[in-house]
1. Note the angle between two axes, namely the Cα long axis of helix A:16-39 and the longest principal axis of the Cα atoms of chain A, as a number of degrees from 0 to 90, rounded to the nearest 10.
2. Relative to the longest principal axis of the C-alpha atoms of chain B, give the angle of the C-alpha long axis of helix B:169-179, reported between 0 and 90° and rounded to the nearest 10°.
3. Run the quick spin-label model on residue A:39 and residue B:189: label points 7 Å from Cα toward the beta carbon, then report their separation in nm to one decimal.
4. May I ask you to derive the FRET efficiency for residue B:12 and residue A:27 from their Cβ-Cβ distance with R0 = 41 Å, giving the value to the nearest 0.05?
5. Alpha carbon centre of segment B:39-111 versus segment B:172-249: separation in Å?
6. Pairing the Cα long axis of helix B:57-84 with the longest principal axis of chain B, what angle in degrees results, from 0 to 90 and rounded to the nearest 10?
7. From Cα pairs below 8 angstrom and at least 6 apart in sequence, can you work out the relative contact order of chain B, rounded to a whole percent?
8. Once the piece of chain linking residue B:47 and residue B:130 is laid out straight, how much longer is it, given 0.36 nm per residue of separation minus the C-alpha distance between them?
């Protein structure tokens with residue numbers, strides 16, 4: 001286990017912005033693609 | 001057996017098959033993604049050089065692999081359509097392009113967010129980064145060109161030529177880190193050498209790469225169904241299928 005607490009997990013050793021910025025935008029892209037595909 | 005498989009080259013036969021396959025690939029994508037994310041965040045240890053910032057590679061590398069691979073698959077379908085005049089091939093190429101563009105964007109975006117803490121810059125005009133950006137433009141150009149030509153036959157033909165010319169960019173991306181002195185690091189995983197990374201890191205990356213494969217297949221099949229309905233809208237079977245779908249909904 002790498003993380004002692006939720007805050008530590010979110011902080012990502014000080015790289016939280018970069019790590020969650022990457023995963024967040026990737027998740028958003030996938031969400032948008034699936035959303036627009038279902039609308040077709 | 002072969003003739004059985006070729007039967008699915010007809011949009012009418014492929015449409016229900018794609019519909020049956022989509023749920024399977026979607027579920028596989030979800031399960032593999034969850035397993036991969038678990039390994040990426042909880043099983044894989046902290047990198048001793050890059051700290052936690054390295055965890056971006058678990059999304060970056062699968063997205064970059066998919067961006068190149070999907071382009072080659074797209075160009076293959078486009079080429080088959082151009083050579084054999086099969087209707088479904090051009091539709092498959094169109095169905096793959098948006099997912100490929102999405103993965104290319106994710107690869108560039110996550111790369112930028114990895115580059116800032118690691119190199120000190122979001123973007124540099126390095127051979128690897130520039131050729132990947134060209135790939136994004138190729139995808140967008142392919143989509144724009146195809147949608148600009150209303151006649152499906154001409155649209156498929158023009159798109160196929162663009163896709164086939166652009167395929168030369170894929171080996172340039174892949175080998176750019178060897179051919180030029182790039183800031184981007186060389187491949188950590190290749191077919192010819194043992195991977196230069198911890199086994200858990202590799203496992204997380206491969207799980208997410210497999211998830212990206214399954215996701216791409218599911219979205220491409222879903223999109224090709226929409227394209228089939230659109231293009232064959234005057235066919236009798238499409239009218240009947242649409243009536244059935246509306247009755248079920």
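1. 20
2. Helix B:169-179 sits at roughly 10 degrees to that axis.
3. 3.4
4. 0.70
5. So the two Cα centres are separated by 6 Å.
6. With rounding to tens, the tilt is 30 degrees.
7. It rounds to 33 percent for chain B.
8. 27.2 nm
Read the figures in this text as sums done on the coordinates, not as results from a lab. For clarity, every value in this text was computed on a predicted model and none was experimentally measured. For neighbour counting, all protein chains shown are included, and Cβ atoms are generated from backbone atoms with ideal geometry for every residue, glycine included.
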